[in-house]
1. Go through region 83-142 and report how many residues are β-branched (Val, Ile, Thr) and in contact (Cβ under 8 Å) with a residue 40 or more places away in the chain.
2. Can you find, within region 44-96, the residue that is farthest from Pro10 (Cα to Cα) among those that are among the aromatic types (Phe, Trp, Tyr) and within 12 Å of the chain's Cα centre (by Cα)?
3. Consider region 110-125. How many of its residues are touching a helix residue (DSSP H, G or I) at 6+ places or on another chain (Cβ under 9 Å), surrounded by 13 or more Cβ atoms within 10 Å (Cβ to Cβ) and outside any helix (DSSP H, G or I)?
Amino acid sequence: MSGVDETPKPRSILLVAACALIDTDGRILLAQRPEGKSLAGLWEFPGGKVEPGETPEETLVRELHEELGIVTRVPCLAPLTFASHTYETFHLLMPLYVCRRYEGIPAGREGQALKWVRPAALRDYPMPPADEPLIPFLQDLL
């Protein structure tokens, strides 16, 4: 024995739903985390924390409207994959959905920059560690 306590530290699990919003040209929408938030400046798939009593799909319908000003419905969200990543103080579980049907033109309503990106160029945008493993699934899909 090394004398080092290797017992895992208890961490809360944070459930966050994310969406790969895809336009008619096959590009994916990325949002840049604004200054003042953790991981500011990194690019991510839109979404947010699943609130008590919500399903991940309901969360995305709400978050996409709040963050981007677009309207979609639960049947328009197709689950693709998920991320499971341990951060220092919590463990993130993040299902990723694909959405091709929505109403409106996405606009950053919370001060975030937005960018439509071709799947082959996704790695050109620095992302949080939990988002990076999702890229190959989107590249294979499109």
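1. So the count comes out to 4.
2. Within region 44-96, the first condition is being among the aromatic types (Phe, Trp, Tyr), and the residues that meet it are 45, 82, 87, 90.
In the following step, the residues that additionally are within 12 Å of the chain's Cα centre (by Cα) were identified as 45, 82.
Working: Phe45: 27, Phe82: 22 Å.
Going through the qualifying residues, I end up with Phe45.
3. First, pick out the residues of region 110-125 that are touching a helix residue (DSSP H, G or I) at 6+ places or on another chain (Cβ under 9 Å): 110, 112, 114, 117, 119-120, 122-123.
Keeping just the survivors that are surrounded by 13 or more Cβ atoms within 10 Å (Cβ to Cβ) gives 112, 114, 117, 119, 122-123.
Add one more test, that the residue is outside any helix (DSSP H, G or I), and what stays is 112, 114, 117.
Residues in region 110-125 being touching a helix residue (DSSP H, G or I) at 6+ places or on another chain (Cβ under 9 Å), surrounded by 13 or more Cβ atoms within 10 Å (Cβ to Cβ) and outside any helix (DSSP H, G or I): 3 in total.
Every number in this text was worked out from the coordinates using simple rules, so none of it is lab data. Bear in mind the structure is a predicted one, so any value in this text is a computation, not a measurement. Heads up, the Cβs are rebuilt from the backbone with ideal geometry, glycines too, and the neighbour counts pull from every protein chain shown.
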